[in-house]
Amino acid sequence: MEIRNLAKNILYRICTELVRRGQCDVLEIDVVHRMFPDIPSQHINERVSWLVARGWLRTEENRSRVHLTESGRSAMDTWVPSSLQQDCFKPERCHRQRWPHKGGLR
């Protein structure tokens, strides 16, 4: 894999791994590093930071887990061939009710 495609591959692999595991929005960062054993961790961390800066991933404060955002899933539409996109569909059970910011239930 070429380094220039690393961000795209990270985003795609995170998405497919979350679908495979039955998780909705979170993945341990160590798992991301193990997905690319031939790529130095520094390069992976740089690309994850790049994806976070674009709003396609979110990290926790200690950067131990990454969250795939809706924007990240949308980015997949332009990056991933349509024949592979079904590997990244968000399971129905992941749809969460959004609580209003003001005046919500207490």
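Per 0.36 nm of contour for each residue apart, how much would the distance between SER83 and ARG65 grow if the chain were fully extended, relative to their Cα-Cα spacing? Show your work: numbers first, answer last.
Numbers: separation 18, 0.36 × 18 = 6.48 nm, distance 2.83 nm.
Contour length minus the Cα-Cα distance gives 3.6 nm.
Hey, if you drop one equal point scatterer on each alpha-carbon of region 1-80 and run the Debye formula without solvent, what base-10 log of I(q)/I(0) do you get at q = 0.22 Å⁻¹?
-1.03
Work out how much length SER49 to SER74 would gain on full extension: take 0.36 nm times their residue separation and subtract the Cα-Cα distance, in nm to one decimal.
Details: separation 25, 0.36 × 25 = 9.00 nm, distance 1.81 nm.
Extending this stretch completely gives an extra 7.2 nm.
Bear in mind these aren't lab numbers, they're just calculated from the coordinates by the rules spelled out. No experiment lies behind these values; they were computed from the predicted model shown.
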